[in-house]
Protein chains: 2
Amino acid sequence: MSLSDNPIRRRGLMLVLSSPSGAGKTTIARRLLQADENLVMSVSSTTRPPRPGERPGQDYDFVSVARFQAMVAAGEMLEHAQVFDNFYGTPALPVQQSLAAGLDVLFDIDWQGTQQLRQAARGDLASIFILPPAVPELERRLTQRAQDSPDIVQMRMARAGDEMSHWPEYDYIVVNHTLEASVASVHAILTAERLKRDRQVGLPDFVKDLRSRT
Amino acid sequence: MSLSDNPIRRRGLMLVLSSPSGAGKTTIARRLLQADENLVMSVSSTTRPPRPGERPGQDYDFVSVARFQAMVAAGEMLEHAQVFDNFYGTPALPVQQSLAAGLDVLFDIDWQGTQQLRQAARGDLASIFILPPAVPELERRLTQRAQDSPDIVQMRMARAGDEMSHWPEYDYIVVNHTLEASVASVHAILTAERLKRDRQVGLPDFVKDLRSRT
């Protein structure tokens with residue numbers, strides 16, 4: 001399903017946040033959503049079981065493998081990927097509805113999803129890679145997730161390295177030294193992207209009648 | 001003279017503010033310079049006489065027509081243009097020195113200058129057009145410049161219309177509803193441009209060793 005199936009009355013903006021697990025992306029995303037009224041979160045679908053504290057329909061839509069595969073087959077996913085034994089994907093419909101309503105949409109997806117979404121978005125996507133300031137810090141944060149075994153932590157570290165190797169594919173790079181600074185950086189990027197000429201929707205009427213003589 | 005004559009140890013950023021006269025650009029620029037330590041103003045050279053209150057070397061370098069034309073002939077101007085009977089231009093040397101010192105440079109130039117600077121900058125330029133919220137407001141602000149005669153005001157209005165017709169050539173558009181909001185918008189653009197992947201200079205060492213496997 002392509003994003004152009006629905007006519008969009010405003011040039012909406014898709015903002016992608018990617019990072020290795022444990023680099024602080026989820027916290028940054030939550031703070032950004034609280035600070036910005038015109039931004040909504042894209043909720044991914046996944047076949048993995050919920051972790052303690054995760055809210056169905058808010059953190060993820062938790063679906064069966066059969067349901068997930070049916071949506072992919074029907075072209076109802078903007079992007080999808082397999083991570084370890086689980087599937088993750090972005091249903092197209094809520095994104096199209098949000099953009100059509102004039103809202104910007106925030107995506108918390110990995111490099112594979114970003115590559116696919118970039119195709120579907122046709123230029124209406126800005127991508128940000130959040131980097132941890134150093135590797136040991138990342139390890140520390142990953143280890144603090146008490147519910148995970150050392151094996152899982154090690155697998156996550158390997159995956160984090162793989163994920164981080166894709167930073168050169170992103171439009172913007174934010175190094176997460178402090179939460180406050182990173183939230184401000186990501187918010188500045190969102191503000192600037194909205195002010196890009198092609199996305200401006202608040203131009204005074206008089207400028208539309210101006211014609212360049214050169 | 002090209003900007004690449006000097007090796008630049010950091011990918012510096014040139015930020016252009018253009019607007020019709022009276023749209024608030026100069027005030028926005030001044031506030032931005034106060035708020036940001038890493039930003040310096042490019043001082044233009046002009047052959048017009050100083051206005052009351054203008055400080056030589058800070059607002060403009062006031063030079064003779066002979067001196068101006070000698071600089072242009074020697075290739076020492078990054079851009080130059082004639083406006084009414086006066087010449088305006090940007091000397092290349094101070095800009096190159098600032099960029100080489102790791103500073104970003106702010107330019108208060110018109111559409112003609114921006115077109116020339118875009119050639120010299122080779123991608124290291126972000127351009128912002130400041131629009132007034134409405135035409136009558138612009139007229140009011142122009143009329144408040146007590147030292148100008150009605151004829152001059154009328155000539156300025158015609159020039160403002162011409163200048164505004166070039167807004168589609170700029171990367172970003174800021175409508176100057178309030179000074180506070182406009183300064184915040186321009187500052188967000190500057191922050192975001194610095195976070196672009198190719199301009200990042202603060203990346204952690206470990207990411208430079210990562211290689212993507214895809």
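The values are calculated or read from the model by the stated rules, or taken from the named source; none is laboratory data. Predicted model only: the values in this text are computed from it and were never measured. Methodologically, a virtual Cβ is constructed for each residue, glycine included, from the backbone with ideal geometry; neighbour enumeration extends over all protein chains shown.
Of all residues in segment A:83-97, how many are touching a residue at least 60 places away in the same chain (Cβ under 8 Å) and closer than 30 Å to A:Ile152 by Cα? Of the residues in that region, 2 qualify.
Taken over segment A:146-173, the criterion of being free of Cβ contacts under 8 Å to residues at least 60 places away in the same chain and among the hydrophobic types (A, V, I, L, M, F, W, C) is satisfied by A:Ala146, A:Ile152, A:Val153, A:Met157, A:Ala158, A:Trp167, A:Ile173. For A:Ala66, the criteria (1) surrounded by 13 or more Cβ atoms within 10 Å (Cβ to Cβ); (2) at pLDDT 90 or above hold in every case but one, which is (1).
Within segment A:196-214, is even one residue buried (at least 17 other Cβ atoms within 10 Å of the Cβ), farther than 22 Å from B:Glu169 by Cβ and within 13 Å of chain B (Cβ to nearest Cβ)? The answer is no, given that none of the residues of segment A:196-214 is buried (at least 17 other Cβ atoms within 10 Å of the Cβ), farther than 22 Å from B:Glu169 by Cβ and within 13 Å of chain B (Cβ to nearest Cβ). What do you reckon, is B:Glu180 under 16 Å from A:Leu195 (Cα atoms) and free of Cβ contacts under 8 Å to residues at least 12 places away in the same chain? The answer is yes for B:Glu180. The residue of segment B:98-137 that is surrounded by the fewest Cβ atoms within 10 Å (Cβ to Cβ), among those that are without any contact (Cβ under 8 Å) to a residue 24 or more places away in the chain and more than 16 Å from the chain's Cα centre (by Cα), is B:Pro136.
Taking A:Val63 and the conditions (1) within 14 Å of chain B (Cβ to nearest Cβ); (2) more than 30 Å from B:Asp198 (Cβ to Cβ), which numbered condition does it fall short on, given that it satisfies the others? Condition not satisfied by A:Val63: (1).
Once segment B:11-44 is narrowed to residues that are farther than 27 Å from B:Pro168 by Cβ and more than 13 Å from the chain's Cα centre (by Cα), the residue that is surrounded by the fewest Cβ atoms within 10 Å (Cβ to Cβ) is B:Glu37.
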